[in-house]
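What follows draws every value from the coordinates through simple rules; no lab data is involved. None of these values were measured; they are calculated from a predicted model. We place every Cβ from the backbone using ideal geometry, glycine too, and count neighbours over all the protein chains shown.
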Amino acid sequence: MYKEVDKPVKVGVKFSSGEVEPVWFFWRERKHEIDEVTLYHRSFRGEAPLHHFSVTVGDDVFQLTFDGKKLSWRLDKLWVKGRRPR
Amino acid sequence: MSRTVLHIDMDSYFASVEQQANPKLRGEPIVVTGKPTIKSVVAAASKEAKEYGVESAMSTWEARKKCPGLMLVPGDPDKYEWVTNKFFEVLRSYSPRLEPFGVDEAYLDVTGKLEEFESPIELVEEIKGDLAEEFGDRITCSVGIARNKLMAKLASDMDKPDGMTWIGDEDIPEVLEEISLTDLCGIGSRTERRLNRLGIESVPELGDFPEKELKEEFGVDGARLKMMGQGKDPSRVLPASYEEEVKSVGNSLSLPEYKRTPRKAIPVLFKLAQKVGYRLRKRGLVAGTLKLIVRDGEFEVKGKQLTPGRYVDDGNLIYSIALEIKEELGFPATPTMVGIRASKLRPKDSLSRPLLPDRRKREKLLRVMDEVNEEYGKGTLYFAARSGSEDLLPSVGEFKRPGDLN
């Protein structure tokens with residue numbers, strides 16, 4: 001299941017061919033190197049474009065969001081192993 | 001040149017998008033739901049969940065009974081809306097003749113594009129490659145190729161997931177022998193029962209049935225039904241132009257099964273009116289003409305417009321006018337889509353300020369509501385009269401036309 005985090009994070013990005021892609025982020029005093037951006041999508045909150053990146057770090061899955069109006073990054077959520085229903 | 005139509009259908013759509021975003025969900029039986037509670041309804045099931053008999057529209061309680069290890073993933077409408085828009089964008093790069101059919105299906109007339117390819121199969125393979133490059137290899141589609149929309153739609157269902165089926169003219173008689181009446185898009189169980197009462201049990205029997213008798217039972221639709229029985233469909237692939245006109249603002253919604261009655265569709269109209277009003281206000285525009293568009297159970301679209309004699313940008317007023325149009329237009333017994341389009345637009349600041357204090361108050365109220373919703377998210381403040389449509393905003397299964405991002 002996804003666990004909401006919604007915390008500001010520092011993110012390192014690379015620019016290539018007009019696209020931006022996160023490569024690492026700092027969270028809980030640790031640098032997390034991103035292995036893969038599995039999906040990108042965009043939404044809006046009011047007029048602010050929000051750029052969402054689903055990423056993997058080792059075995060973990062996160063969603064990072066860049067607010068195009070505030071020019072800030074947040075860690076939205078992470079996937080935690082949930083108990084399977086019986 | 002004879003026509004070639006593709007029907008492209010994304011496989012297990014919402015579930016595939018979630019599996020693409022999250023590798024932990026790949027290979028797992030998952031369902032996308034509105035809320036991850038036992039009372040929720042399955043919006044989409046992954047192919048792994050489908051193997052257990054889990055289907056869309058099933059309650060999650062029933063789904064878990066069929067598949068005890070099932071994982072419930074809360075839906076993310078923004079994500080699906082983005083992917084849908086990209087999906088249509090990729091298809092449009094091959095032909096402007098794109099007709100979206102729900103959030104995850106579309107018809108594409110590729111007649112003019114075929115000369116660049118050795119065969120339609122090569123073209124479809126390239127489209128599939130483009131989609132994989134855009135989204136990743138977990139989001140796949142099944143494609144039907146045929147001379148018309150009816151047969152293309154039928155073909156896309158024949159090889160799932162990630163399949164491709166080409167029904168050539170010579171294959172049509174054999175295909176029609178093998179399918180049942182309800183396999184044809186536009187024949188539901190109710191129409192099937194009416195056909196059965198006429199003694200028609202199979203598709204070839206429908207094709208052979210006297211047109212006059214079909215017309216006596218179904219009116220003008222009788223001729224269309226006979227053609228369906230012969231695998232014919234003269235309808236064109238129609239781009240959703242009423243949504244794309246620069247000089248108009250419109251919103252439409254394909255209704256989920258449980259909303260397909262006139263009574264239940266009315267709150268949806270209210271919601272659409274609010275949305276059109278908001279979009280007009282955001283652009284500083286007012287509309288002089290409004291159009292109501294409805295699609296019936298047989299997927300026929302009709303519309304009527306009204307010029308009320310004053311310019312509007314207030315959702316409640318737009319709703320009242322839409323209801324007025326509805327009275328004149330009539331409403332189908334089984335509405336499958338409703339839409340409102342505002343046109344004859346002009347800048348609001350070209351009008352004089354309202355003199356009546358009530359109107360000025362109303363404008364202020366709308367402005368404050370818009371500000372709150374922009375700051376704290378869509379739907380934070382809304383009119384209580386929207387009651388009955390709140391489950392549609394935001395909803396996993398909401399139908400949105402491409403470009404309708406705001």
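Dipole magnitude for the stretch B:256-352: computed about the Cα centre from +1 point charges on Lys and Arg Cβ and -1 point charges on Asp and Glu Cβ, it is near 400 debye. From least to most packed, judged by other beta carbons within 10 angstrom and beginning with the fewest, B:278, B:13, B:258 follow the order B:258, B:278, B:13.
Across chain B, C-alpha contacts under 8 Å between residues 6 or more apart give a mean separation that, scaled by the residue count, equals a relative contact order of 15 percent. Considering only B:85, B:114, B:21, the residue lying farthest towards the positive end of the dipole of the stretch B:12-148 is B:21, judged by Cα position with unit charges set on Cβ.
Between rounded, prolate and oblate, where does the protein assembly as shown land on the alpha carbon gyration tensor, with a ≥ b ≥ c its root eigenvalues, rounded for a/c under 1.5, else prolate if a/b exceeds b/c?
oblate
How large is the charge dipole for the stretch A:1-55, taken about the Cα centre, if only the Cβ atoms of Lys, Arg (+1) and Asp, Glu (-1) carry charge, to the nearest 20 debye?
In debye, rounded to 20, the stretch A:1-55 gives about 220.
A quarter of the convex hull surface defined by the alpha-carbon atoms of the stretch B:187-227 gives 2.4 nm² as the mean projection. Here the stretch B:1-118 yields Rg over Rh of 1.09, to two decimals, using C-alpha coordinates and the Kirkwood radius. Percent of Cα pairs in the stretch B:268-345 per distance bin of 5 Å, from zero to the largest separation: 3, 18, 29, 24, 15, 8, 3, 0. Per the Cα gyration tensor, chain B maps to an equivalent ellipsoid with semi-axes of 37, 27, 22 Å, ordered largest to smallest. Simple rule: put +1 on each Lys or Arg Cβ and -1 on each Asp or Glu Cβ in the protein assembly as shown, find the dipole, and look at B:320, B:340, A:72; the Cα lying farthest toward the positive end is B:320. Shielding of peptide B:65-76 by partners, expressed as the average count of other chain Cβ atoms within 10 Å per residue Cβ, is 2. Cβ crowding within 10 Å ranks B:313, A:60 as A:60, B:313, fewest other Cβ atoms first. Using the Cα gyration tensor of the stretch B:120-276, with a ≥ b ≥ c the square roots of its eigenvalues, what is the shape: rounded (a/c below 1.5), prolate (a/b larger than b/c) or oblate (neither)? Since a/c reaches 1.5 but b/c is at least a/b, the shape of the stretch B:120-276 is classed as oblate. Principal semi-axes of the equivalent ellipsoid, √(5λ) from the alpha carbon gyration tensor of the stretch A:1-40, are 20, 14, 9 Å from largest down. By the helix-only formula, in which each DSSP H run with n ≥ 4 contributes -39500 (n - 2.57) and the sum is divided by residues, chain B has a 222 nm mean residue ellipticity of -11500 deg cm²/dmol.
Given +1 at the Cβ of Lys and Arg, -1 at the Cβ of Asp and Glu and no other charges, the dipole of chain B around its Cα centre is 2940 debye to the nearest 20. Distance between the modelled labels on residue A:47 and residue B:348, one decimal in nanometres: 1.3 nm (7 Å Cα→Cβ projection).
Taking the fewest neighbouring Cβ atoms within 10 Å as the starting point, the ordered list for B:369, A:1, B:71, B:151 is A:1, B:369, B:71, B:151.
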